[in-house]
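Below is one structure, written out as structure tokens; comments come after it.
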Amino acid sequence: MRTEIETNSGSQSEIAPVSVPAVPEITNVRINEEVRSAFGTEHIPAPGKIIVHEGTFTIDWANSDVLTESYEIQFNTNKGEWVTLAEIAHNTRVKSFITQDIDQFANLNGILAQAKNGDMYQFRIRALNAKGASEWSEVFVVDTVETATASAVVNKLKANQNELVITIDEIYADGSGSGTLTETILINNNAKGTYRVGRYDVFVNTKGNTKVLEVYIVE
């Protein structure tokens with residue numbers, strides 16, 4: 001067994017963990033639409049209070065380890081620095097968290113994480129107890145971009161220097177439309193290399209002053 005009985009003189013026995021908990025698993029992360037409470041009373045006039053704010057995330061996970069006492073949830077934006085969203089006490093029934101801070105009267109204290117079209121988000125979770133922390137779970141990715149396509153043109157400048165213009169065309173996953181990112185870089189004749197455009201690394205191979213041989217997003 002992974003638990004032991006610790007007995008203190010004159011006190012009731014307690015079950016204490018002898019190892020860190022197992023790794024939990026994030027089963028789903030979804031971007032929320034706005035949800036309002038019921039209304040029609042003097043205390044809650046129409047259109048009701050916002051109880052789930054648009055663009056926040058709902059994170060669901062699974063974990064059956066009885067040694068778990070709490071969880072730490074982290075996320076990052078576009079593969080940047082990991083940020084802790086919350087530390088949550090273990091609940092045997094509810095394993096879900098919305099990235100907002102509201103009180104019992106649905107008053108908003110703050111948004112912890114909110115989706116923005118064009119960005120990609122990663123989430124991870126670990127279980128905690130008095131012995132320490134589990135390993136981090138597998139990363140769960142939420143991308144607001146359905147497709148991204150790179151194109152490039154080269155404009156001749158003086159001598160052997162040219163202007164490389166890279167464009168990324170994005171189609172958003174929520175069907176709300178599209179977006180465009182553009183980056184201009186000074187290059188030499190026959191240059192090839194990988195260039196940063198927003199969250200993307202783009203490889204471009206050029207020839208002479210104005211010809212683009214190859215362009216693609218590096219995965």
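Considering segment 92-106, the residues that are surrounded by 10 or more Cβ atoms within 10 Å (Cβ to Cβ) and part of a loop (DSSP other than H, G, I, E, B) include one that is modelled with the highest pLDDT, namely Thr99. Considering segment 166-196, and only residues there that are among the aliphatic types (A, V, I, L, M) and surrounded by fewer than 16 Cβ atoms within 10 Å (Cβ to Cβ), the residue that is nearest to Val215 (Cα to Cα) turns out to be Leu186. Picking from residues in segment 197-219 that are basic (Lys, Arg) and surrounded by 14 or more Cβ atoms within 10 Å (Cβ to Cβ), the one that is nearest to Val142 (Cα to Cα) is Arg199.
The rows are residues; the columns are (1) loosely packed, with under 10 Cβ neighbours inside 10 Å; (2) touching a residue at least 40 places away in the same chain (Cβ under 8 Å); (3) part of a loop (DSSP other than H, G, I, E, B); (4) among the basic types (Lys, Arg).
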| site | (1), (2), (3), (4) |
| --- | --- |
| Ile51 | no, yes, no, no |
| Asp60 | no, no, no, no |
| Phe75 | no, yes, no, no |
| Glu81 | yes, no, yes, no |
| Leu85 | no, no, no, no |
| Asn109 | yes, no, no, no |
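Contact map, segment 168-179: residues that are without any contact (Cβ under 8 Å) to a residue 12 or more places away in the chain paired with residues that are surrounded by 13 or more Cβ atoms within 10 Å (Cβ to Cβ), Cβ distance under 7 Å, separation 6+ or inter-chain. Pairs shown: Ser178/Asp169; Ser178/Glu170; Ser178/Ile171; Ser178/Tyr172.
The values are calculated or read from the model by the stated rules, or taken from the named source; none is laboratory data. Remember, it's a predicted structure, so these values are computed and weren't measured experimentally. Here the Cβ is made from the backbone with ideal geometry for all residues, glycine too, and neighbour counts use every protein chain on show.
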